[in-house]
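Enquirer: Provided herewith is a single structure, encoded as structure tokens, for subsequent inquiry.
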Amino acid sequence: MSANDGSPPPYTEKPKGIDNVGFDNKDEKLDMTPVEKEDPWALPELKDTGTPWNELSDGQKVFRVVWTIVRVLLFLSSLYVFFCSLDFLSSAFKLLGGKAAGEVFRNNELLSNPVCGVMIGVLATVLVQSSSTSTSIVVSMVAADILDVKRAIPIVMGANIGTSVTNTLVSIGQITNVSDFRRAFAGATVHDMFNWLAVIVLLPLEVASGYLFELSGRIVGSMHLKTYEDANKDLLKAITKPFTKLIVEVDSKKINKFVTDDKNHDTLLKICCKSETLTKLNSTGHVIKEKICLKNCTHLFMNTDLSDAAAGSIMLVVSLVLLCLCLFGIVKILNSLLKGNIRKIIKKFVNYEFPGKASYFTGYIAILIGTGLTILVQSSSIFTSTMTPLVGVGVIGLDRMYPLTLGSNIGTTTTGILAALATDTSDGVEHLSNSLQIAICHLFFNLSGILLFYPLPFMRFPISMAKFLGNTTAKYRWFAIMYLILMFFIFPLSVFGISLAGIEVLAGVGIPIICLLIVIGIIKVLQKKKPKFLPRKLQNWKFLPECLRSLAPLDRLFSKMCGCCKMCKNEDTSTDVEKQIDTKL
């Protein structure tokens, strides 16, 4: 009986394995066409699933407008509290580590080693959570003749690295969504990678040639210098200070005093908020200045007996909680507001490329924008931390975040320049000249880094390095925490400790490690580009033990330790064929 007369077809055994999946009859075959791999760095496109405006009733139109206004107000409120939480975080770290940072800066013997100076700059900036503060301290030390310009240059380089810890910390706020987290972490660490690469290349060049010292010296020598006592202004703090000063106020000038004198200052908490300096004659006829307090501060820690460490610990917890809540609110509101056509318009504007050959100059406009906005807020940490969630939700691409970050690095140097212009010139302009020279060194260090790693597209290594870190932390989300601890604490402390033993010991340990990393880097490039040039054994890393070529063993360990934590696990490890089979089923 044939199949055409309505009777069931004869039984045919289907093949075993994956070829058996999805068969409805013997003639159907599984479509094994390779699935096109999705680019994880492509900005997401969200469809506008809402009802079109012209199809809404009058009441619905009013509701939509009101709801949009409410969300915009909620976004601005969250952004304001986010800025305040960054200020609280800075205050917390100053209370916890300000005295230690001051004591470290006082040790001139350590600062004579340039590598040690870089690590001090990194650690001090991480401790006070502000490159503006650490740079201002260095400027004050130079102005007070405690530190000469040559030894201050490596510290300023290190401060450039330390300031990027804030936006890296902010990116962890998007850890619950693997795609957003991949982009946000890469958007944050592109700043880290640029700063580290700039130091690795330019520090040896400066030690060998002193080009920053010579160039800045010539520039300052050609200036007619004057001082401006009210130079150090901060536009953003004028907005946030009315709220933050009710909670806590830290006297950053006292950190400078830990560096410039031997007196023991009891607390970094600000006690007097308004003072006046009186000039009078003493009994011997000499002019003396006496500072009297006109108004005490009224922040929450004013009348408590808490130590700086206790107050700093409280503020650290409060700031981190606020930071996480604000980031959660900002991301959710942005995802709600920036849907469909609105997101397309904003993405098109932010990521716009000039047509034709002029597209090469688009990034330079972004650098200028990043510079201008950072000058306005007087903080590269705040600017890049605000951009990081936008990279995560897909509004700003990583290729556009990079030049914005470079511009931010230029903009943050204005803080040191303004601090230098506020130098006391009562004893002449020599102190002003020295402090301004180190501030200009900071500026030209960043400009030199940009000239190295931006004009030529193939030299934009920070982007590919940030993508590698983003992919790694998307696969192993615990890697973000480990990265923060390693790059901003353990590594600087280790290099700092080795530096204490002398430059010979540092070279003996560091040079072999650097040579090994260079060899590994060359092999990895050849594996990817020209594997035939390598022996068969070196065409991949499978000959090494798993613990030396993969993070999987650590991942299994952490998965056992945090079995109930979903965000510590990989989101999706299935292959494209397996996904296709699942779709068939």
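Enquirer: Kindly report, to the nearest 10 Å², the accessible surface of ARG460 as traced by a 1.4 Å probe over protein heavy atoms only.
Expert: 50
Enquirer: Continuing with this model, one more query. What figure in square angstrom, to the nearest 10, would you give for the accessible area of TYR211 with a 1.4 Å probe?
Expert: Accessible area, nearest 10 Å²: 60 Å².
Enquirer: Further question on the same structure: Counting only protein chains, not ligands or nucleic acids, how are ASP148, ASP308 ordered by accessible area (probe 1.4 Å), most first? Don't skip to the end; give the middle numbers.
Expert: Working: ASP148 70, ASP308 15 Å².
The residues order as ASP148, ASP308, largest area first.
Enquirer: On average, how much accessible surface per residue is there in the stretch 403-524, in Å², for a 1.4 Å probe, leaving out ligands, DNA and RNA? Display every interim value, and only then the final one.
Expert: Details: 5400 Å² over 122 residues.
Roughly 44 Å² per residue, with all protein chains present.
Enquirer: Report the accessible area of ASP251, computed with a 1.4 Å probe over the heavy atoms of all protein chains in place, in Å² rounded to the nearest 10.
Expert: For ASP251, the solvent-accessible surface is approximately 30 Å².
Enquirer: For the stretch 415-539, what is the charge dipole size about the Cα centre, in debye to the nearest 20, if Lys and Arg each add +1 at the Cβ and Asp and Glu each add -1 at the Cβ? It would help to have the intermediate numbers written out before the result.
Expert: Numbers: 11 positive and 4 negative charges, 343 e Å.
I would put it at about 1640 debye.
Enquirer: Expressed as a whole percentage, what fraction of the accessible surface of the stretch 454-563 belongs to carbon and sulfur atoms when a 1.4 Å probe is rolled over the protein heavy atoms? Walk me through the numbers on the way to the answer.
Expert: Numbers: 5390 of 7260 Å².
Percent of accessible area from carbon and sulfur atoms in the stretch 454-563: 74.
Enquirer: With all protein chains present and a 1.4 Å probe, how do LEU74, LEU79 order by accessible area, largest first?
Expert: LEU74, LEU79
Enquirer: Still on this structure, please answer the following. Can you figure out the FRET efficiency of SER336 with GLN527, using R₀ = 41 Å and their beta-carbon distance, to the nearest 0.05? Don't skip to the end; give the middle numbers.
Expert: Numbers: r = 44 Å, r/R0 = 1.07.
The calculated FRET efficiency here is 0.40.
Enquirer: Which one of THR168, ILE200, MET157 has its Cα pushed farthest toward the positive end of the charge dipole of the stretch 144-206, where Lys and Arg give +1 and Asp and Glu give -1 at the Cβ?
Expert: The Cα lying farthest towards the positive end belongs to THR168.
Enquirer: Same structure, new question: So between ALA310 and LEU517, what do we pick up on full extension, going 0.36 nm a residue minus the alpha carbon distance? Numbers along the way, then the final one.
Expert: Working: separation 207, 0.36 × 207 = 74.52 nm, distance 4.21 nm.
Net length gain for the segment: 70.3 nm.
Enquirer: Still on this model: What's the FRET efficiency of SER494 with ASN471 using the Cβ-Cβ distance as r and R₀ = 22 Å, to the nearest 0.05?
Expert: 0.25
The values are calculated or read from the model by the stated rules, or taken from the named source; none is laboratory data. Here the structure is a predicted model, which is why all the values come from computation and not from measurement. Quick reminder, even Gly has a Cβ in these numbers, built from the backbone with ideal geometry, and neighbours come from all protein chains shown. Ligands, DNA and RNA are excluded from the accessible area calculation, which covers all protein heavy atoms including side chains. Shrake-Rupley method; radii C 1.70, N 1.55, O 1.52, S 1.80 Å.
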